[in-house]
Amino acid sequence: MPKINGNEIRPGNVLEHNGGLWAAVKVDHVKPGKGGAFAQVEMRNLRNGSKLNERFRSADKVEKVRLEQKDQQFLYEDAGMLVLMDTETYEQVQLSAELLGERRPFLQDGMMVVVEYHEEEALNASLPQKVTCKIVETEPVVKGQTAANSFKPAVLDNGVKVMVPPFVGQDEEIIVNTETMEYSERA
């Protein structure tokens, strides 16, 4: 694995530090008046989700880990485990549903999921950025209600609550951004 200098750490990099795998969430380069410059790095553990703030001087060397990304198709869920199929080898794998966290309700049958592996261990899974959902419950559309930036609550077919513009009605399909969990546009 390649070693990089402490001042080369960027958000999104995966590092091996203190025997664990950490993703750099936020990086601030600090140049104090006295002493050498350093990078203040906020990291999240990829195995248990804990956070850590660490300082790296430019002379410090850290291991940068490359994760293997595989496209896999979601087949079904069984007892809290997601059953995915590798689209190249047609091999089925079981992963914990906790890998998706709060984005789990947006997972739909047949959806392609990008799973990041480190030496055969699944560390992260990401859904497509935009998913189409149907609104099952919201307030009725009121004509003439076009005030800027006014949103109303809506419940989607997967049980997630999102804020939608006033012109969107019940039983309509909308596109939701899975990263921010917000309304994006009409489908």
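Placing a label point 7 Å from the Cα of TYR76 along the Cα-to-Cβ direction, the residues of segment 86-106 with a backbone N closer than 18 Å are 86, 91-97. Pairs over the 31 Å Cα-Cα cut-off, from the set LYS26/LYS161; LYS51/LYS152; LYS64/LYS161; LYS26/LYS130; LYS3/LYS70: LYS51/LYS152; LYS64/LYS161.
For the chain, the solvent-accessible area with a 1.4 angstrom probe is 61 square angstrom per residue.
Once neighbouring chains are kept in place and the probe is 1.4 Å, which whole percent of the accessible area of segment 66-124 is contributed by carbon and sulfur? Please list the in-between numbers first.
On the way: 1490 of 3620 Å².
Accessible surface attributable to carbon and sulfur in segment 66-124 totals 41 percent.
Would you calculate the separation in nanometres between label points at HIS29 and GLU102, each defined as 7 Å from the Cα along the Cα-to-beta-carbon direction? Each label point is offset 7 Å from its Cα along the Cβ direction, giving 3.2 nm. Distance between the pseudo-spin-label points of VAL160 and ASN45 (7 Å out from Cα toward the beta carbon): 2.7 nm. Dimensions of the chain along the principal axes, based on C-alpha atoms and rounded to the nearest Å, stand at 63, 49, 24, largest first.
Relative contact order for the chain: what is it in percent, counting Cα pairs under 8 Å that are at least 6 residues apart? Mind showing how you got there, number by number?
Values: 396 pairs, mean separation 25.9, N = 187.
RCO, the chain: 14 percent.
Rounded to the nearest 20 Debye, what is the dipole magnitude of segment 1-117 about its Cα centre when Lys and Arg each give +1 and Asp and Glu each give -1 at the C-beta? Write down the numbers at each step before the final one.
Working: 16 positive and 18 negative charges, 216 e Å.
The dipole of segment 1-117 has a size of about 1040 debye.
The values are calculated or read from the model by the stated rules, or taken from the named source; none is laboratory data. Note that this is a predicted model, so its numbers are computed, not measured. So basically every Cβ, Gly included, is an ideal-geometry build from the backbone, and we count neighbours across all protein chains shown. In case anyone asks, the SASA skips ligands and DNA or RNA and just uses the protein heavy atoms, side chains included. Shrake-Rupley method; radii C 1.70, N 1.55, O 1.52, S 1.80 Å.
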